[in-house]
Amino acid sequence: MARSLSSILYKGIAAVPAASSTASGSFYQHILRFSSSVPSDSDTHEDFRPTTKVGTSDNSLKDIVEQDIKENPVMIYMKGVPEVPRCGFSALAVRVLKEYNVPLGSRNILEDLELKNAVKSFSHWPTFPQIFINGEFVGGSDIILNMHQTGELKEKLKADTEKQQ
């Protein structure tokens, strides 16, 4: 299916005459608006550009991240929300964590580029999702999945539950 779709797209592009530079220039500008570059954030596709900001009073974004991690035994910074993840890695992490029926705090990093960067700075980790358990940065979906498969995640969450009681 993908191969036939790409051949149709290629044939469609090849059929467009490049007679005038303005016509082909506008055609390529039209195509480029669907490219994955975002001038203000090179690692985010324009469909995922932040739309709103986290409401802050006198708290810095670092304070908000620290408060989130402190108040939520399991905290995930992800693309989307647990009910509607907007990326496969975030969906995988949520699916694994929901296996344990633990309360899950979350923030959608797509809503605020500054929050996204604050989380990256806080954890010293460049990608999302980012999962914190009992105030400790654990990693992303690949690490959570591996921990789940080895039983380490169950032990970590069990230890977390015992600390709260």
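Only the coordinates and a few stated rules stand behind these numbers; no lab work does. Just so it is clear, the structure is predicted and the values come from calculations on it, not from any experiment. Note: ideal-geometry Cβ built from the backbone for every residue, glycine included; neighbour counts use all protein chains shown.
The table for this structure:
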{"read-out": "Local net charge near residue 75, Cβ-Cβ under 11 Å (Lys/Arg +1, Asp/Glu -1)", "value": "-2"}
{"read-out": "Set 70/156; 98/156; 70/154; 79/120; 70/116; 79/158 screened for pairs whose C-alpha atoms are more than 24 Å apart", "value": "79/158"}
